[in-house]
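All of the numbers you see were taken from the coordinates with simple rules; none came from a lab. Not measured: the values here are computed from a predicted model. All Cβ positions, even for glycine, are placed from backbone atoms using ideal geometry, and neighbour counts span all protein chains on display.
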Amino acid sequence: MARRSDHSRDELYDMALTAARSIVAQHGLEALTARRVAQEIGYSPGTLYNIFHNQDDMIIHMNAATIDGLRDALAAVPLPIGEAPRPYIEALLSAYLGYIEQNVELWRALFDFQLSADTEAPAWYMDKIGRVLSILSSALAPLYPAGQEDQTAKDTRVLWASLHGITSLAVDGKLSFVTGMTAQEIAPRLLHVFLAGISSAAPSKA
């Protein structure tokens, strides 16, 4: 077993998160324990608690890495140049669905994990979610009249929650209870209806 002095705290943090993500990706969140992560990286469980407050804290950091991965996937979509926003929004949706398809168990862990009733998610964690939402909000913004930033932000969260409902049913194998369509079929339809609703609500420019 490696000595505690073999790696810096930052190195141990990265090693632990990599091991945690690997365990969850292969076996699901229920397979994740501090002892198993410690075994994977060659350290004692006590070493992990010098890095994380407890196992819940480790899961929060692991889930934060999943959120960062989604943000990176969305940020990699080329920004439109002199084009209508719809193709860009559709490309973001494709990247969103692709990321989830490639990280099913990590995505499920993001929402299956529940903090205790008296514990709130850290502000830095909520900021990461906000950065993902800001990408979608910026894509939707050109569809709204000037001065509608608050409505854009609200509608962004409506769309996010709606897409999450679809993807959650899909990864849990329950979408067939609602529709015979796949997530790759129903999500674009949702986006089409959503964008049509924005267009119909916008004041006439005639």
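Applying both filters, DSSP loop and at most 11 other Cβ atoms within 10 Å, to the GluC sites (Glu not before Pro) of region 98-148 gives 120. Once the chain from residue 190 to residue 13 is taken as fully extended at 0.36 nm per residue, the excess over their C-alpha distance is 59.8 nm. Between residue 114 and residue 134, the simple label model (points 7 Å from Cα in the Cβ direction) yields a spacing of 3.2 nm.
Grab the beta carbon distance between residue 104 and residue 57, set R0 = 25 Å, and tell me the FRET efficiency rounded to 0.05. Here the calculated transfer efficiency is 0.55. Oblate is the label for region 111-206, because a/c, from the alpha-carbon gyration tensor with a ≥ b ≥ c as root eigenvalues, is 1.5 or above and a/b does not exceed b/c.
Rounded to the nearest 500, the helix-only mean residue ellipticity at 222 nm of the chain stands at -22000 deg cm²/dmol, with each DSSP H run of n ≥ 4 adding -39,500 (n - 2.57). How tilted is helix 183-201 with respect to the longest principal axis of the chain? Cα atoms for both, answer in degrees (0 to 90, nearest 10). So the inclination is approximately 50 degrees. Placing a label point 7 Å from the Cα of residue 6 along the Cα-to-Cβ direction, the residues of region 31-54 whose backbone N falls under 20 Å from that point are 34-52.
Under the convention that each Lys and Arg Cβ holds +1 and each Asp and Glu Cβ holds -1, the size of the dipole of the chain around its Cα centre is about 220 debye.
What number comes out for the charge environment of residue 185, summing +1 per Lys or Arg and -1 per Asp or Glu over other residues with Cβ under 14 Å away? Summing Lys and Arg as +1 and Asp and Glu as -1 gives -1.
Sorted ascending by nearby beta carbons within 10 Å, beginning with the fewest, 138, 176, 116 become 116, 176, 138.
Rounded if a/c is under 1.5, else prolate if a/b is larger than b/c, else oblate: which is the chain, with a ≥ b ≥ c the root eigenvalues of its Cα gyration tensor? Note, shape of the chain comes out prolate.
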